[in-house]
Amino acid sequence: MSAASDLTAQRLIICVGPGGVGKTTIAAALALEAALSGRAVDVMTIDPSPRLLDILGLQVRPARPHDIPLAALHPRRGGRLRALRLDPKRMFDRLIEHYAPSAAARDAILGNRIYRGLSRALAGVADYMAAEQLLDLRREATSDLIVLDTPPARGAIEFLDAPGRMLDLLSSPALALLGVSRQMAGSLRIFDFAARAVLAAFDRLTGLRLLSDVQAFVRSFEGMYEGFAQRAAQVQAMIREPTCTLVLITSAEQQRVEQTRDFVSSLKRLGLRPGALIVNRVMKPLPDLEEIRRARLPAPLKRKLERNFADFSALRAREGAWLQPLRELIDGVPMLMATDLGDEPDNLKDLVRIARSLRVAD
Amino acid sequence: MPLPHLTLITGKGGSGKSSTAGALALALSNRGKTVLADLDQRQTSAQLLGIRIDERGNLSAMENLQLRSLTPRNELESFIERIVKIRAISRRMLRSHTFGYVTAALPGLEAFLMLERLRQLADEAAARDGFAVIDAPASGGVLELLSVTGGVRDLAPSGTLNRLARAVDDFLRNSGRFGVWVTARPERLAIHEASETLANLRDKLGIRHVAAVLNGVPDQLFSSTDYAKMLGLAEHRRLALQRKATSELAARARSQFEEAGFEVIELPMLYTSEFARPQLEMLAAALDRLARRDNKERSNLHSKHVRGK
């Protein structure tokens, strides 16, 4: 049994971790391994590298999960893998289309300059949309396992927090005061005036002409709040179900290890604990130095081989020193190592190799 | 190519951006006052150098090397304070939550203010004959950051922002003021991505000073006849071949970059069990050697040219 099989027996795997560690690769590898073992799996990726897009057949951004042909890899009966690439902007548009009270309100929001900026720029929108997509997949109930890759986060577990923050934003007095007639706006009209004055001054100075756009945007969101609140609560409940596992992914590099420390503490703040820590791209164990000493080789070549061994040993020692604080950090959480293949995965077989290289750290 | 007053270091995650930025800042601090700044508040290169930045974001680390952490919030504040001359009004703007949301949502405003800050850093560096080195986000983010001025000019067809956007555009295309280094390790796909980034920077964004940094290039330890002799030591041979493959890949990458017309800066693989200040100093020394060699070539070229006349 591979070290991955404990994980892939879950219903939902959420992969979190710093950017640039191969999070999407690991998510895809775990999903593929589960599919080969006979489960029906959906994997949802956010920002795959071009090569991974190729492997998963996602170059064209299909709106629906699409099947990846696995026959050549001989999956067990019932095994299938579908992949989906999240498009936060489009997902946000779909939500607006769904919840907008009228066609006019819908068009007003979709065409609004502030909305277009918000749906791209505001931290958390991609995270929130990932959660929305997850709810959609869940509702379909056609898979045994969903593997979710989350947007790169900067240290906090932004994805897990996203529904809450989205609610904060939409219900914020600041937005309400700008022109929405929510309950409180009447009593606080004076601040409304202040906010308008600030924006008007900013417009005059910068030449941006924002005020009318902001007012239109906020007004058009009226009536959509309830829908968002409901969905946010569902997502919060889902990530706390026992069949959901958080997998924290990192790589054996100094900075990533520091960022991982931040991740673990923000998980703690949310009352969550990772089901596993996967360290990606760990060096293979080194051969025995004695082999060189025993071998019948010319002395100069032996010296070179010894020097080469010493060089790689130094790198491995460096890696070990970086990983040490991680072991202490996640006391009790299984730590799995994925071996460095020397290059990025090129095809499905490479992904299988990655999943099967996972071993419990000694 | 002589170095511009401000060099921005980018590359994909794990390609050695921060170590390159730290090493370059060390090397430049021997020539003039140098500012090393990051845009993500992680202070990674400062940590590698063994220096921490204080709460206020500033610390004079060494006589000739100063550290900065640039944040969108601070840039917005200083921008507002600059354009709004009356403090009571600028303070009220900055305290307004609404204003915070709107500016965060406004496409590219934060990125743009960051670029405006880089322009100022370059101006300041030029004025004191010094340098600035920016430890920037990964390549995708940087392309987005550097292409933001067009959007700002569309959004604000006139007024302060429009004027600033034009000034920033000029700055990005001024090879004496602004340059970008793209870091990559000798891995097939990493090289491919770096080539694309470099081409985008030069051809789409019109940035005139772009260079490729090949990080972690191993020295060739074995001769070509050695590998056949170690067949009995399969695992050790694998390590030897791994080293050979990486070094060959670096050589291929080098000629690929050069054929496409990009300058290449090669930094050696350091086989050390630690990676901290002493290692950055080794890399800084390597950068210094490259710069001296470049100068020599240039002066040779110059003298040939003179003789030719």
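Just checking, does the range B:218-227 include any residue being crowded, with 16+ Cβ neighbours inside 10 Å and in contact (Cβ under 8 Å) with a residue 40 or more places away in the chain?
Yes, some residue in the range B:218-227 is crowded, with 16+ Cβ neighbours inside 10 Å and in contact (Cβ under 8 Å) with a residue 40 or more places away in the chain.
Keeping to the range A:291-311, report how many residues are within 7 Å of chain B (Cβ to nearest Cβ) and surrounded by 14 or more Cβ atoms within 10 Å (Cβ to Cβ).
10
Among the residues of the range A:26-34, is there at least one that is in a loop (DSSP other than H, G, I, E, B), more than 21 Å from A:GLN133 (Cβ to Cβ) and at pLDDT 85 or above?
Checked the range A:26-34: no residue is in a loop (DSSP other than H, G, I, E, B), more than 21 Å from A:GLN133 (Cβ to Cβ) and at pLDDT 85 or above.
Of the residues in the range A:90-111, how many are within 30 Å of A:ILE55 (Cβ to Cβ) and surrounded by 14 or more Cβ atoms within 10 Å (Cβ to Cβ)?
Residues meeting the conditions: 5.
Collect the residues in the range A:1-25 that are touching a strand residue (DSSP E or B) at 6+ places or on another chain (Cβ under 6 Å), part of a strand (DSSP E or B) and either within 14 Å of another protein chain (Cβ to nearest Cβ) or not aliphatic (A, V, I, L, M) (or both), keeping them in residue-number order.
A:CYS15
Would you confirm whether or not the range A:259-276 contains a residue that is assigned to a strand (DSSP E or B) and either touching a residue at least 40 places away in the same chain (Cβ under 8 Å) or farther than 30 Å from B:GLN47 by Cβ (or both)?
Taking every residue of the range A:259-276 in turn, at least one turns out to be assigned to a strand (DSSP E or B) and either touching a residue at least 40 places away in the same chain (Cβ under 8 Å) or farther than 30 Å from B:GLN47 by Cβ (or both).
In the range B:223-270, what count of residues is obtained for those that are under 30 Å from B:GLY179 (Cβ atoms) and either at the interface with chain A (Cβ under 9 Å from one of its Cβ atoms) or of a type outside the set (S, T, N, Q) (or both)?
22
Would you check if there is a residue in the range A:69-78 being assigned to a helix (DSSP H, G or I) and among the small types (Gly, Ala, Ser)?
yes
Out of all the residues in the range B:37-53, is one or more modelled with pLDDT of 90 or more and on the phi < 0 side of the Ramachandran plot?
yes
Would you check if there is a residue in the range B:169-185 being within 11 Å of chain A (Cβ to nearest Cβ) and not hydrophobic (A, V, I, L, M, F, W, C)?
Yes; the residues of the range B:169-185 include at least one that is within 11 Å of chain A (Cβ to nearest Cβ) and not hydrophobic (A, V, I, L, M, F, W, C).
Here's the yes/no breakdown for (1) in a strand (DSSP E or B); (2) modelled with pLDDT of 95 or more; (3) over 22 Å from B:GLN279 (Cβ atoms):
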position	(1), (2), (3)
A:LYS304	no, yes, yes
A:ARG307	no, yes, no
A:ALA314	no, yes, no
A:GLN324	no, no, no
A:ARG356	no, no, yes
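The values are calculated or read from the model by the stated rules, or taken from the named source; none is laboratory data. These numbers were taken from a predicted model, which means no experiment stands behind them. Every residue, glycine as well, gets a Cβ built from its backbone with ideal geometry; the counts of neighbours run over all protein chains shown.
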